[in-house]
Amino acid sequence: MSLIADWFNGSKDYYEGVAIYATLPTKKLRILKKLNRGKNNHNMSTLVEQLRQYKNAPQKPQPPKKTPVIVENYTEVPDQEKINITHQRKKLAAESNKREFGGVLIGDLPTELRPRFFHAQKVFYEMIELKFALNDLPPEAEESALNILIQIMKLDEERDLIWKELHHWKKHRTLLSVPEDDFSKLTPTQLIQKYNNLKSNISKINQRVNKMYESLVKETNRHNKLLIEAKITRSEDRLHTHKLNMKKIKELI
């Protein structure tokens, strides 16, 4: 009873309410299954109604708990603990997605970047699912953990490249260049050499960009500021091109 009162006096989180309803002796499996399908206006209204009815009803002695009846691999009582974990993970994923993408509005993006935005969201959710899978592994599953970490690192690299495009547009209102270089005809030795050259160039450009930002902060003349900003934009465009080319080469090696 106190749990329900606290829920009504608190944030009324939908999934917490479903977890509370699942513990009630008067719960109906038909309603619980419907609530477990996810939050919408109708389900939220049903949840509030069911919890309020139980809260206001005269309390009777609770009967002993029923043992789940298993018939041909079907259990009468759903595994609510697993369902609650799934709901909690969906909630965490939604909150993380809001933090990650809250600063970029799809309506503000040009047509070319909107598919990239949706792909960035897809990559982000894949990373979250992999992190959950990693957390679920037993300590001895070191090889599986390593494989998952490698997948997360690859996705994180891909997400980083997309975010550079999105943030570049937000800041400069220009699109970053997408390279059309073809490395398929290079030998393995040439690919490695090209990769190392790009890596070295990226390091040098990063150093120059950092110095340009320092100069930008100190510069007081508006015309000179615009010149420095233009140089930074061109350098960041070149950095992005080099990183995309490195990604292409890495896939060929």
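When segment 101-153 is examined, which residues are found to be outside any helix (DSSP H, G or I) and among the charged types (D, E, K, R)?
Going through segment 101-153, the residues outside any helix (DSSP H, G or I) turn out to be 102-105, 109-113, 137-141.
Selection gives E112, E140.
Quick check on my filter: what residues within segment 181-211 are closer than 17 Å to K164 by Cβ and free of Cβ contacts under 8 Å to residues at least 24 places away in the same chain?
Listed by number, the residues that qualify are S203, N210.
Every residue in segment 175-200 that is touching a helix residue (DSSP H, G or I) at 6+ places or on another chain (Cβ under 6 Å) and either among the polar types (S, T, N, Q) or not in a helix (DSSP H, G or I) (or both), please.
Residues satisfying the conditions are L176, S177, P179, D181, F183.
Being loosely packed, with under 11 Cβ neighbours inside 10 Å and either acidic (D, E) or assigned to a loop (DSSP other than H, G, I, E, B) (or both) is the filter here, so list the residues in segment 215-226 that pass it.
T220, N221
So which pairs qualify, if the first residue must be in segment 221-235 and touching a residue at least 40 places away in the same chain (Cβ under 8 Å), the second must be in a helix (DSSP H, G or I) and surrounded by 13 or more Cβ atoms within 10 Å (Cβ to Cβ), the Cβ gap must be under 6 Å, and the two must be at least 6 apart or on different chains?
T233/H172
Could you identify the single residue in S184, S144 that is at pLDDT 85 or above and exposed (fewer than 15 other Cβ atoms within 10 Å of the Cβ)?
Details: S184 fails: at pLDDT 85 or above.
After applying the criteria, what remains is S144.
Pull up segment 147-171, narrow it to residues that are in contact with an Asp or Glu (Cβ under 8 Å, 6 or more places away or on another chain) and modelled with pLDDT under 85, then point me to the one that is farthest from H240 (Cα to Cα).
K170
Only one of these is of a type in the set (D, E, K, R) and under 33 Å from the mean Cα position of the chain (by Cα): E229, E219. Name it. Give the derivation first.
Details: E219 fails: under 33 Å from the mean Cα position of the chain (by Cα).
Just one listed residue meets the conditions, E229.
Just the residues that are among the hydroxyl-bearing types (S, T, Y) and at pLDDT 85 or above, please, taken from segment 217-240. Reasoning before the result, please.
Taking segment 217-240 as the starting set, the residues that turn out to be among the hydroxyl-bearing types (S, T, Y) are 220, 233, 235.
T220, S235, listed by residue number.
Of the residues that make up segment 132-139, is at least one among the aromatic types (F, W, Y), assigned by TED's automatic domain parsing to the domain that holds R116, closer than 22 Å to R116 by Cβ and surrounded by 11 or more Cβ atoms within 10 Å (Cβ to Cβ)? Spell out the reasoning first.
Keep residues of segment 132-139 that are among the aromatic types (F, W, Y), which gives 132.
From what is left, the residues that are assigned by TED's automatic domain parsing to the domain that holds R116 are 132.
Going one step further and asking which of them are closer than 22 Å to R116 by Cβ, we end up with none.
No: segment 132-139 contains no residue that is among the aromatic types (F, W, Y), assigned by TED's automatic domain parsing to the domain that holds R116, closer than 22 Å to R116 by Cβ and surrounded by 11 or more Cβ atoms within 10 Å (Cβ to Cβ).
The values are calculated or read from the model by the stated rules, or taken from the named source; none is laboratory data. Small disclaimer: the values here were computed from a predicted structure and weren't measured. Positions of Cβ are backbone-derived with ideal geometry, glycine not excepted, and every protein chain shown enters the neighbour counts.
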